[in-house]
Amino acid sequence: MARLRERQKADREQRILGAALRKFRADGYKAVRIEDLAEEAEVSVGTVYNYYGSKGDILIAAVTLEVEEVLADGQAIVDDPPADPCDALLALTFCYYDHSLNYLTKEMWRTAMALSIEAPRTPNGLNYSALDRRLAAQVSDLVARFQAQGRVRGDLDPRAIGQVLFNNLNQMFVEFVKDDAMTLERLREIVAAQTAPLARLIAA
């Protein structure tokens with residue numbers, strides 16, 4: 001019975017999150033009410049609040065889902081990267097970018113970023129920052145891999161270099177979600193032009 005209850009609980013949580021993703025994308029995050037999510041998920045409003053304390057909690061859960069999948073895809077690149085460090089860095093960056101709109105819209109990203117900035121010490125703010133740190137660490141892991149192969153200068157701190165590279169790709173992602181007219185293709189072009197000279201600077 002306990003296992004059945006756990007499965008039912010997980011199913012309800014997934015239904016609520018799935019309903020939220022559909023409604024947020026279709027109607028816009030700001031326009032959707034908790035009542036709308038409950039109706040879409042075929043649960044009561046009270047059930048929604050049993051799992052999520054606010055609409056913002058649901059949004060950050062969606063961000064977490066997005067980033068967990070991105071990290072899994074990115075790890076495959078870190079484990080078996082292209083031979084050229086610049087190509088590898090761009091492959092990892094584009095992996096992040098290309099997945100970014102699978103679940104969230106630009107409006108949803110803007111709202112999630114605002115939540116993390118407005119209340120950085122709340123669970124949502126801390127969770128968002130932790131996800132960014134994990135992404136930065138993955139970039140650092142890729143730099144460290146190439147350093148171990150002698151393709152990146154040995155006098156550099158791979159953690160610091162990874163953070164610099166992540167900070168740039170992350171800031172460009174902020175610019176992307178701020179501009180509804182910017183396409184993923186244009187974002188990729190800009191970041192490729194920025195990453196190439198950085199890769200040359202750190203090359204062994």
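Brief remarks follow.
- Residue, nearest to Trp109 (Cα to Cα), within the range 148-167, restricted to residues that are surrounded by 16 or more Cβ atoms within 10 Å (Cβ to Cβ) and under 16 Å from the mean Cα position of the chain (by Cα): Phe166
- Thr47 vs. criteria part of a helix (DSSP H, G or I) and not assigned by TED's automatic domain parsing to the domain that holds Asp180: yes
- Sole residue being within 18 Å of the chain's Cα centre (by Cα) and outside the structural domain of Ala20 (by TED's automatic domain parsing), chosen from Pro120, Pro85: Pro120
- The conditions of being part of a helix (DSSP H, G or I) and either loosely packed, with under 14 Cβ neighbours inside 10 Å or not assigned by TED's automatic domain parsing to the domain that holds Met182 (or both) are met by Glu69.
- Residue satisfying all of: in the range 25-44; of a type in the set (A, V, I, L, M) and outside any helix (DSSP H, G or I); surrounded by the most Cβ atoms within 10 Å (Cβ to Cβ) among these: Val32
Condition check ((1) under 19 Å from Glu66 (Cβ atoms); (2) of a type in the set (D, E, K, R)) across all residues:
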position	(1), (2)
Tyr97	yes, no
Asn127	yes, no
Arg133	yes, yes
Val143	no, no
Val177	yes, no
Ala192	no, no
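- Restricting the range 88-118 to residues that are surrounded by 15 or more Cβ atoms within 10 Å (Cβ to Cβ) and charged (D, E, K, R), the residue that is nearest to Thr183 (Cα to Cα): Lys106
The values are calculated or read from the model by the stated rules, or taken from the named source; none is laboratory data. Note that the coordinates shown come from a computational prediction; the quantities given were computed from them, not determined experimentally. Positions of Cβ are generated from backbone atoms using ideal geometry, with glycine treated the same way; all protein chains shown enter the neighbour counts.
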